Amino acid sequence: MKKKIKLVVTKIYDIFFAKIGNLAIDRYMQTHFLFKHLVYGDEARLKIAKTAVINNATFNTISGNIEIGEYVFFGLNVTVLTGTHDYQKFGRERQITVPATERDIIIKEGAWLASNVTVIGPCIIGEHSVVAACSLVNKDVPPYTIVAGIPAKVIKKITPPSKSDRTVGE
């Protein structure tokens, strides 16, 4: 009898905390207030879709625009950099000389950038691609691929879903 009661109590406990956990995740996904991102440069050059989850990312828009698509999500400490410096300059000139444009970064629908990823523009990260943790992206990432490493290289292709397998958001 005690085993049955313990089992029932354990199940109720598990269900209760699973529901609380799911509510917390849902609330976070709706509010995005768990972390605040940082922007260096003109915030008008940063476009983030309402469905994107970017956590505590750092964005540098000094040398281009950054566009984050629908259902993109970031792990922690992702850095997206359009800015660069001219290594052929020296002293103060190296510190302050940066290109003003043409280093845009586009992260397309459904892409997942895991924790501690750095993206250096110009580049496009394709639809539903995955960038492994601690990777450095410095060129285009094809859609439906997994990339990893420094610099990031394609390590696997992802099979796109058939039209009938797609979820409501797509």
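The values are calculated or read from the model by the stated rules, or taken from the named source; none is laboratory data. Only a predicted model underlies this, so the values are computations on that prediction, with no experimental measurement involved. So basically every Cβ, Gly included, is an ideal-geometry build from the backbone, and we count neighbours across all protein chains shown. Side chains are part of the model used for accessible areas, which takes the heavy atoms of the whole protein and leaves out ligands, DNA and RNA. Shrake-Rupley method; radii C 1.70, N 1.55, O 1.52, S 1.80 Å.
Couple of notes before you dig in:
- The set of residues in the range 123-167 that are open to solvent by less than 70 Å² (accessible area, probe 1.4 Å) and under 14 Å from V80 (Cβ atoms) comprises C123, I124, I125, V131, S135, L136, V137, V141, A152.
- Which listed residue is within 20 Å of V154 (Cα to Cα) and either under 10 Å from the mean Cα position of the chain (by Cα) or of a type in the set (G, A, S) (or both), from S63, S115: S115
- Annotation note: of A100, A152, A133, the sole residue that is out of contact with any Phe, Trp or Tyr (no Cβ under 9 Å at 6 or more places or on another chain) and within 22 Å of K36 (Cα to Cα) is A133.
- Whichever residue in the range 36-58 is crowded, with 16+ Cβ neighbours inside 10 Å and in a loop (DSSP other than H, G, I, E, B) and, among such residues, is farthest from the chain's Cα centre (by Cα): G41
- For the range 105-126, a residue qualifies if it is under 20 Å from K50 (Cα atoms) and touching a residue at least 24 places away in the same chain (Cβ under 8 Å), and the qualifying residues are I105, I106, I107, K108, E109, G110, A111, W112, L113, A114.
- Annotation: of all residues in the range 59-104 being of a type in the set (D, E, K, R) and either exposed (fewer than 13 other Cβ atoms within 10 Å of the Cβ) or free of Cβ contacts under 8 Å to residues at least 24 places away in the same chain (or both), the one that is farthest from D42 (Cα to Cα) is K89.
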